[in-house]
1. Roughly speaking, to the nearest percent, how much of the chain's 1.4 Å accessible area is carbon and sulfur?
2. Taking +1 at the Cβ of each Lys and Arg and -1 at the Cβ of each Asp and Glu, which of 32, 13, 78 sits farthest along the dipole of segment 1-99 towards its positive end, judged by Cα position relative to the Cα centre?
3. Would you work out if segment 158-312 is rounded, prolate or oblate? Take a ≥ b ≥ c from the square roots of the eigenvalues of the alpha-carbon gyration tensor; rounded if a/c is under 1.5, else prolate when a/b is larger than b/c, oblate otherwise.
4. What's the center-to-center distance, using Cα atoms, between segment 322-357 and segment 76-102 in Å?
5. Roughly how large, in nm² to one decimal, is the mean projection of the convex hull of the alpha-carbon atoms in the chain?
6. Past 31 Å, Cα to Cα: identify those pairs from 208/287; 132/270; 22/103; 47/208; 132/303, in the order given.
7. Picking from 133, 111, 157, whose Cα lies most toward the positive end of the charge dipole for segment 103-162 (charges on Cβ: Lys, Arg +1; Asp, Glu -1)?
8. Taking amide hydrogens as modeled 1.01 Å from N in the peptide plane, which residues meet the under 5 Å criterion relative to residue 30, leaving out close sequence neighbours?
Amino acid sequence: MSENIFNFSAGPAAIPKSVIKKITSKIIDFDNGMSILEISHRSKKFKEYAQRSQSSLRRLLNIDDNYEVLFLQGGATHQFTMIPQNFSNNGIADYLITGGWSKKAAAYAQYHTRVNVVSDSSDTNFTNISDKSTWNIFPDSDYFFYCANETVHGVEIHEDIDINAPLICDMSSTLCTRPINISNFDLLFAGAQKNLGIAGLTIVLARKEFIKNQGTQLSPIMRYEDHSNDNSMLNTSPVFAWYVAGLVFEWIEEQGGLKKMANSNKLKSKLLYDYIDQSDLYNNPIKPKYRSWINIPFTLSIKNLDDEFLTLAEKSGLYNLKGHRTVGGMRASVYNAMPIEGVERLISFMKDFENRQ
Ligand SMILES: *Cc1c(COP(=O)(O)O)cnc(C)c1O
């Protein structure tokens with residue numbers, strides 16, 4: 001991001017400016033005059049870097065040795081397939097459908113297992129989640145899958161979910177936005193391009209016992225245990241994306257860690273929700289309990305005003321506020337890398353725009 005613009009994209013998303021500055025020099029020289037773009041994932045220098053980045057993430061999230069940290073390719077969507085392939089022992093899995101991403105995960109899983117839909121809030125246009133007491137949980141489910149933050153719909157589950165089955169979570173847009181209790185989960189994953197850098201890398205955290213001897217009928221590239229045995233270097237690693245993620249982890253540590261991130265994300269989103277809620281022009285339809293701290297969709301109450309809003313916003317240096325094509329309206333994504341000044345500038349723009357109507 002250059003100095004005077006703010007990128008509200010949901011992903012690929014804003015990256016801290018200081019990280020981008022560091023990358024620039026390493027594009028020229030990372031290792032003895034060789035660019036980060038041309039070095040081997042098996043070079044000594046990169047292997048050291050890979051270890052360092054993993055240690056940094058382990059410190060940030062407080063990950064103990066019972067958990068494997070994997071740096072894979074294929075995006076979060078690839079996980080939607082790997083998960084049911086690896087863990088279909090009883091042949092049925094629970095899916096909590098709270099928005100576009102968990103819905104897609106359930107649809108992908110159907111190629112490999114029977115999917116038991118625990119609850120599906122599409123009848124509310126994904127603005128609410130039904131109470132846990134009403135969930136249809138299958139007793140012998142192989143695992144329970146949910147998405148902690150629905151990036152498209154702006155729905156976030158803020159509490160831990162207490163379930164008997166192994167718990168699997170899509171944290172693509174929330175990993176590292178707040179502290180989490182890793183031991184609640186058996187496997188969780190996040191594509192890097194929301195909060196952790198650029199596309200091409202997916203972080204997977206998995207309990208070692210959980211992935212052991214699973215998916216033995218699969219080819220190695222589809223098996224978590226094989227990736228783990230080869231230290232995420234079963235095949236060519238996404239070196240550059242991994243490098244960027246390592247810098248982002250270090251940046252988060254420098255900022256004061258995940259508590260700091262959480263406070264800042266909570267504050268940024270609160271400013272925006274408070275403004276939206278008292279305004280006549282703007283509206284956020286999500287039940288307050290489930291409002292996301294990082295993806296904030298909103299609509300305008302006057303018809304045919306969206307394009308003008310977006311054009312003027314862009315002229316003010318406020319980019320990528322258009323909502324997802326399946327939802328419409330606007331969406332402001334205020335990930336870790338979005339400074340509070342960006343949110344203040346957005347609110348001030350929204351006020352001016354509203355006053356002119
Ligand atoms: C972006 C996103 C995905 C998809 O990520 P890809 O890297 O494009 O596969 C999945 N789940 C959530 C919650 C996301 O935000």
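1. 47
2. 32
3. Taking the square roots of the gyration eigenvalues as a ≥ b ≥ c, segment 158-312 is prolate.
4. So the two Cα centres are separated by 33 Å.
5. Across all orientations, the chain yields a mean hull projection of 17.9 nm².
6. 208/287; 22/103; 132/303
7. Comparing the listed Cα positions along the dipole, 111 ranks first.
8. 35, 36
The values are calculated or read from the model by the stated rules, or taken from the named source; none is laboratory data. Here the structure is a predicted model, which means the values were calculated and not measured. With ideal geometry, Cβ positions are generated from the backbone for all residues, glycine too; neighbour counts draw on all protein chains shown. We work out accessible area using only protein heavy atoms, side chains counted, and drop any ligands, DNA or RNA first. Shrake-Rupley method; radii C 1.70, N 1.55, O 1.52, S 1.80 Å.
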